[in-house]
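**Student:** The structure is given below, and queries will be raised subsequently.
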Amino acid sequence: MLRVDLHLHTAFSGDSSISPRLLVDQLHAHPSINVVAITDHNTLEGYFQVQKLARPYNDLTILPGVEISTKKGDLIILGVEEMPNIPIDLYSAVDFAKASEGIVIIPHPYRSMGIEDLAMNIEADAIEVLNPTATKKENVMAHNLARMRNLPGVAGTDAHSANELWTVYTEIKAQPSIDDVLRAIQKGAVKPVAWAQGKPAEMRGG
Ligand SMILES: [Zn+2]
């Protein structure tokens with residue numbers, strides 16, 4: 001059983017203050033989370049840096065990821081170590097992910113930058129149903145969408161600063177390898193959890 005943050009931003013995102021070094025140090029120090037996906041905006045540079053810094057620690061697993069900005073909203077691709085040509089439209093980004101054997105997660109579908117009702121139809125592997133930067137209502141709507149579409153629901157902090165790290169995680173029944181984690185997400189062997197056990201995550205935002 002792994003505890004995984006599937007959505008966070010390093011300083012390579014431009015709007016985040018989390019350096020790759022700080023992230024790796026905090027991840028190594030964390031008592032139970034030791035897998036993260038790096039999902040910077042439109043770049044894999046942060047992932048490559050974090051992966052390099054994490055290499056000496058064999059208890060850490062870093063998943064390649066990127067949060068692609070499209071005109072229709074954001075899309076997360078995991079498991080792909082190359083970028084599509086950007087700008088890219090939403091459907092082409094999905095096609096790129098599938099062709100590259102990556103998986104597609106729809107982040108915060110009903111928050112700003114979410115793809116909203118387009119999330120009803122696009123070919124996704126999971127829906128982010130717990131994101132502390134979305135309102136409680138937006139997360140509930142995402143959760144309902146995941147149920148309606150019969151897709152796994154996952155959690156990600158969407159952290160852009162150190163104090164936003166580790167507030168939620170996705171519990172994943174998998175071995176700590178990139179392939180096993182990605183397959184487990186596709187199979188739905190996942191559970192979104194707010195860090196305060198038994199209590200709903202405190203949501204911020206309007
Ligand atoms: Zn994000």
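**Student:** Measuring from centroid to centroid over Cα atoms, what is the spacing of the range 1-66 and the range 102-174 in Å?
**Tutor:** Taking the Cα centre of each part, the range 1-66 and the range 102-174 sit 18 Å apart.
**Student:** Which percent, nearest 5, of DSSP beta bridges in the chain are antiparallel? Could the numbers behind the result be given before it?
**Tutor:** Details: 17 of 31 bridges.
Antiparallel bridges: around 55 percent, rounded to the nearest 5.
**Student:** On to the next question. Please arrange Leu60, Leu118, Leu130, Leu6 by counting, for each residue, the other beta carbons lying within 10 Å of its beta carbon, fewest first. Let's see the in-between values first.
**Tutor:** Working: Leu60 20, Leu118 16, Leu130 26, Leu6 30.
Ordered by Cβ neighbours within 10 Å, fewest first: Leu118, Leu60, Leu130, Leu6.
**Student:** Same structure again: For the range 99-191, what class follows from the C-alpha gyration tensor (a ≥ b ≥ c being the square roots of its eigenvalues): rounded when a/c is under 1.5, otherwise prolate if a/b is larger than b/c, else oblate?
**Tutor:** On the way: a/c = 1.68, a/b = 1.11, b/c = 1.51.
Oblate, because a/c is 1.5 or more while a/b does not exceed b/c.
**Student:** Same structure again: Which ³J(HN,Hα) values, rounded to whole Hz and listed in residue order, are derived for the range 138-148 from phi using the Karplus coefficients 6.51, -1.76 and 1.60 in 6.51 cos²θ - 1.76 cosθ + 1.60 with θ = phi - 60°, glycine and proline given as x?
**Tutor:** 5, 5, 5, 4, 5, 4, 5, 4, 4, 5, 4
**Student:** Can you flag which of Lys52/Lys136; Lys52/Lys187; Lys98/Lys187; Lys137/Lys191 are past 27 Å Cα-Cα?
**Tutor:** Values: Lys52/Lys136 36 Å; Lys52/Lys187 29 Å; Lys98/Lys187 16 Å; Lys137/Lys191 19 Å.
Pairs exceeding 27 Å: Lys52/Lys136; Lys52/Lys187.
**Student:** Moving on to the next point. Per residue of the chain, what 222 nm ellipticity follows from adding -39500 (n - 2.57) for every DSSP H run with n ≥ 4, rounded to the nearest 500? Provide the component values of the computation, followed by the final result.
**Tutor:** Details: 5 runs with 54 residues, N = 206.
Calculated at 222 nm, the ellipticity per residue is -8000 deg cm²/dmol.
**Student:** Looking at the range 49-91, which trypsin sites (Lys or Arg not before Pro) are in a loop (DSSP not H, G, I, E or B) and have at most 10 other Cβ atoms within 10 Å? Don't skip to the answer; put the middle values down first.
**Tutor:** Numbers: sites: Lys52, Lys71, Lys72; in loops: Lys71, Lys72.
In loop regions of the range 49-91 (DSSP not H, G, I, E or B), the sparsely surrounded trypsin sites (Lys or Arg not before Pro) are Lys71.
**Student:** Between beta-carbons, use under 13 Å as the cut-off and find the net charge around Gly46, counting Lys and Arg +1, Asp and Glu -1. Please list the in-between numbers first.
**Tutor:** Working: positive: Arg21, Lys52; negative: Asp15, Asp40, Glu45, Glu67, Glu81.
Result for the neighbourhood of Gly46: -3.
**Student:** Relative contact order, percent, of the range 2-194 when contacts are C-alpha pairs under 8 Å separated by at least 6 residues? Don't skip to the end; give the middle numbers.
**Tutor:** Numbers: 458 pairs, mean separation 41.7, N = 193.
Taking the mean separation of contacting Cα pairs over the length of the range 2-194, I get 22 percent.
**Student:** Hey, can you grab everything whose amide H is under 5 Å from the amide H of Val154? Only 5+ residues off in sequence or another chain; H modelled, so Pro and N-termini drop out.
**Tutor:** Placed amide hydrogens put Ile127, Glu128, Val129, Leu130 under 5 Å from Val154.
**Student:** Then there is this: Taking the Cβ of Thr157 as the centre, find all other residues whose Cβ is under 10 Å away and add up their charges (Lys, Arg: +1; Asp, Glu: -1).
**Tutor:** Working: positive: none; negative: Asp5, Asp158, Glu164.
Local charge sum for Thr157: -3.
**Student:** Averaging over every viewing direction, what projected area does the convex hull of the Cα atoms of the chain cover, in nm²? Mind dumping the intermediate values first?
**Tutor:** Details: hull surface 40.4 nm².
Averaged projected hull area, Cα only: 10.1 nm².
**Student:** Whats the longest run of the chain with zero GluC sites (Glu not before Pro) that are DSSP loop and have at most 15 other Cβ atoms within 10 Å? Don't skip to the end; give the middle numbers.
**Tutor:** Numbers: sites that count: Glu81, Glu82, Glu101, Glu123, Glu202.
Longest stretch, sites excluded: 1-80.
**Student:** Explain nothing, just compute: Karplus ³J(HN,Hα) = 6.51 cos²θ - 1.76 cosθ + 1.60, θ = phi - 60°, for every residue of the range 176-190 in order, whole Hz, x for Gly and Pro.
**Tutor:** Taking θ as phi minus 60°, the curve returns x, 10, 4, 4, 5, 5, 5, 5, 5, 5, 4, 6, x, 7, 9 Hz for the range 176-190.
Values in this text are rule-based calculations from the coordinates and carry no lab data. All values derive from a computational prediction rather than experimental measurement. Because the Cβ atoms are built from the backbone with ideal geometry, glycine has one as well, and the counts that use them run over all protein chains shown.
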